[in-house]
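As structure tokens, the structure follows; a few thoughts come after it.
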Amino acid sequence: MAVVNHDTREVQFKIVYCGTPLGGKTTNLIYIHNRLAPAMRGDLASIATEQERTLFFDFLPVHPTIIAGYDTRFQLYSVPGQKIYGETRRIVLTGVDGIVFVADSDPDRVEANLEALESTREALASLNRSFDRIPLFFQFNKRDLPGAMAPEEMDEMLEVRRPTFLASAATGYNVFATLDAVTQKVLREFHIRRRLRAQREAEQAAVRQTKPLTPSPVEPSRGSPDPSSEVALGS
Amino acid sequence: MNDSPSESEPLDWDDVEVSADAADRAEDLLRDFAADAELDMAVIVDRSGGMVAGVASRPDVDVDTVGALVAGAFGAMRSLARELGEAAIVESLHHGGKDTIYLRQIGSRYILLAVAELNQPAGIVRERAAQIAGPLAGLLGEPMEATGSQSAAPTRSPEAAPPSLTPPPNAPAPQSGYAYDIG
């Protein structure tokens, strides 16, 4: 969920790079950090093992633009891919607005890809978030590998029904294209949520205005609500 | 396909909205807290790592990173507590080489971070934090908390009105050095 601060006029969004262990999640963040102007990003922070593998998360704040007078900030995280870090993934995915799932194109990593995808689904489910509804893009990384799996095979393997990006995080190929796509999608969803919320509040206000202050003798009881007073959107 | 929410579906999550007034009043509370407990930093972070409000006398601190680490650290501590059979975690205290770092849950959605020099008694930090926890939760639209025996000081009951945000006439002037607002 976005954090909207009307005092500082900032909107913060959280984007998490999930995926296969050693699949290139941290490499994506490093490439983004190296290529962005210092004024547009903060420091890259990492909680890593001595072997420089992500232990908890990598974190990169990016503040690319001002929209409608609000400073729009994206906080990019990557999480470890190994199955044993399920709880860590759950913590980092708390409040997530968008996900990039980085899959490894190496044919030997099929099982690891499937396991990581299942772990991501499980983490989201434990947070009562719907995998099918969250803005999520697949990035098929390491396309520069000789013998990389065909994209169609990967689509089938991961049952992908979403847009995918063929990428090489090591060279930067399609790293920013993936980031652009997920940030645009997150912003679109945010605007839809705000519009629905405004609509809902307007409807609630209208209901309040039209309701008499004292109940009339014929007003339905609580057990049988008046359908005309129901608020839309399931709220 | 990755569908957007439509009018026929309920939204499955809510954004955190902090009004200018709530942020200002939260910052006032944090500034008083920082002065009272002689803190170097007092900030409120939401559980996803987003910075909500804060004051600090350390302008060199990267607040975005602090927010991410606070959310991560508190989440990890909560998981550890759960693993060990503890149902809830309200507070966490770290004694370092030169600083005391204190974390406290505020309502269900926010975390308070306080940083004090090591020579500052941690009990004072905890007590002052317990005093502002309820009003902060109320400001941020969270249920007023009842933290029970884990509190260093009694918290206000849900029915109690939050304290006035303006200091009494004889209150000491806020300590200078907390002019740097975060968030």
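The values are calculated or read from the model by the stated rules, or taken from the named source; none is laboratory data. No experiment lies behind these values; they were computed from the predicted model shown. Neighbour counts run over all protein chains shown; Cβ positions are idealised from the backbone, glycine included. Heavy atoms of the whole protein, side chains included, go into the accessibility calculation; ligands, DNA and RNA do not. Shrake-Rupley method; radii C 1.70, N 1.55, O 1.52, S 1.80 Å.
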(1) over 21 Å from B:Phe74 (Cβ atoms); (2) modelled with pLDDT under 90; (3) β-branched (Val, Ile, Thr): which one isn't true of A:Thr54, the others all being true? (1)
Can you tell me which of A:Phe59, A:Phe137, A:Phe74, A:Phe131 is at pLDDT 95 or above and within 12 Å of chain B (Cβ to nearest Cβ)? A:Phe137
May I ask you to list pairs of residues, at least six apart or on different chains, whose Cβ atoms are under 8 Å apart, with the first in the stretch A:1-21 being within 11 Å of another protein chain (Cβ to nearest Cβ) and the second being part of a loop (DSSP other than H, G, I, E, B) and among the hydroxyl-bearing types (Ser, Thr, Tyr)? A:Met1/B:Ser48; A:Val3/B:Ser48; A:His6/B:Ser19; A:Asp7/B:Ser19; A:Lys14/B:Ser48
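Looking only at the stretch A:132-169, which residues are of a type in the set (Val, Ile, Thr) and either in contact (Cβ under 8 Å) with a residue 40 or more places away in the chain or open to solvent by 40 Å² or more (accessible area, probe 1.4 Å) (or both)? Give the derivation first.
Initial filter on the stretch A:132-169 (of a type in the set (Val, Ile, Thr)): A:134, A:160, A:164.
Within the stretch A:132-169, A:Thr164 is the sole residue that qualifies.
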Would you confirm whether any residue within the stretch A:31-53 is closer than 19 Å to A:Val182 by Cα, loosely packed, with under 15 Cβ neighbours inside 10 Å and either of a type outside the set (Asp, Glu) or away from every other protein chain (no Cβ under 14 Å) (or both)? yes
Taking the conditions exactly as written (open to solvent by 30 Å² or more (accessible area, probe 1.4 Å) and out of contact with any Pro (no Cβ under 7 Å at 6 or more places or on another chain)), does A:Arg129 satisfy them or not? no
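Taking the conditions exactly as written (more than 11 Å from every other protein chain (Cβ to nearest Cβ), open to solvent by 50 Å² or more (accessible area, probe 1.4 Å) and among the basic types (Lys, Arg)), does B:Arg82 satisfy them or not? Walk me through it before giving the result.
Numbers: more than 11 Å from every other protein chain (Cβ to nearest Cβ): no; open to solvent by 50 Å² or more (accessible area, probe 1.4 Å): yes; among the basic types (Lys, Arg): yes.
For B:Arg82, the condition - more than 11 Å from every other protein chain (Cβ to nearest Cβ), open to solvent by 50 Å² or more (accessible area, probe 1.4 Å) and among the basic types (Lys, Arg) - is not met.
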Restricting to the stretch A:170-200, count the residues that are more than 13 Å from A:Phe138 (Cα to Cα), crowded, with 21+ Cβ neighbours inside 10 Å and more than 10 Å from chain B (Cβ to nearest Cβ). 2
